[in-house]
Structures are given as C-alpha cells and as structure tokens.
Amino acid sequence: MIQYTYWEVYQQGMKDLITLRLHLVRYALHHGVSAAAREFATTRKTVRKWRDRYQADGRAGLQDRSRAPHACPHRLDAAVEAQIITLRQAYPYMGPWRLQTTFALPASHGAIYRVLQEAGLITPRKRKKRQQRTLRAVKQR
C-alpha cells in the first residue's frame, strides 16, 4: 500500500512526479481504473486522465500542461493595432480618448492606451520638482 496519496505528493511538489504518474498508469492498465484510484488514493477521473494522456502521447503525456489560455477573445486584431500605431505616429499630440473619438476606432480608450504603451508611444508625464523648504529663516528667528 502507498504511504501518501497522489494529491499529497502533488501538493508537496515532488521532483519526480512523472514516475508516480507512470506507476499509476501501469497499475491502471493492469488492474483497472477503480483499483488504481483506490491504491493511489485519488479519483477515477484523475486516473483516466493520465491513462488517456499516456496512451496518446506516451511518457511525454505525463508532464504537466500549461494552464494559460490558448486565446484571448477580447484581443484586438493586428490590423486595428497597426492602425492605432500609425495614427499615433501621425498625430503624436492625440491621446487615446481623442484618437478614439476623432477616428471612430473600434476599440475602447483603455485598449488603445495598452497598444500605445506596448509600442512605446506613451511618454511618462513629467513631474514638477518640488523645492525642499529651507528652515534658515525659521532658525534665525
């Protein structure tokens, strides 16, 4: 019997998690999904997932996959981004609000600002230097 559950080993960040998954898959192929789930103290869904990935991709299928999204549905088209950049280069004095209203761009002012910032076309606002107060007059009194 295994001392630790699959979830405990996963949470601890075991260095060789692929080996554990390989043992899990081999046990499942030999004894069945339910028996493997009981033996490794995990769910049948987890056992099926790793079994199916192993059968599809072999040992490489037992590695963790990226959880990052495959696509960003609200991302602007490349043509619109290029249009925003060319308009800003032609009219450097116009900000995102003015570009949006003047040229009826199909993007929000926040999206336009993001595109301009990624292209390096937003210059940071210059801050006024505050002169430090001197206490000479107070000390002399």
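Just a few scattered comments:
- Scanning segment 81-91 finds no residues that are within 30 Å of R21 (Cβ to Cβ), of a type in the set (A, V, I, L, M, F, W, C) and open to solvent by 60 Å² or more (accessible area, probe 1.4 Å).
- Qualifying residue in segment 62-78 (condition: within 30 Å of I112 (Cα to Cα) and surrounded by 13 or more Cβ atoms within 10 Å (Cβ to Cβ)): yes
- One residue stands out in segment 92-109 among those that are outside any loop (DSSP other than H, G, I, E, B) and of a type in the set (A, V, I, L, M, F, W, C): the one that is least open to solvent (accessible area, probe 1.4 Å), namely L99.
- In segment 37-89, the residues that are assigned to a helix (DSSP H, G or I) and of a type in the set (D, E): E39, D52, D57, E81
- Within segment 87-107, residues that are farther than 14 Å from I122 by Cα and free of Cβ contacts under 8 Å to residues at least 40 places away in the same chain reach partners that are surrounded by fewer than 19 Cβ atoms within 10 Å (Cβ to Cβ) and of a type in the set (V, I, T) with beta carbons closer than 9 Å, at six or more positions or on different chains, in the pairs L105/V80; P106/V80; A107/V80.
- Scanning segment 110-141 for residues that are in a helix (DSSP H, G or I) and touching a helix residue (DSSP H, G or I) at 6+ places or on another chain (Cβ under 7 Å) yields I112, Y113, V115, L116.
The values are calculated or read from the model by the stated rules, or taken from the named source; none is laboratory data. Fair warning: this is a prediction, and the values are worked out from it, not measured in the lab. Glycine gets a Cβ as well: all are built from the backbone with ideal geometry, and neighbour counts include every protein chain shown. Accessible surface is based on the protein model in full, side chains and every heavy atom, while ligands, DNA and RNA are left aside. Shrake-Rupley method; radii C 1.70, N 1.55, O 1.52, S 1.80 Å.
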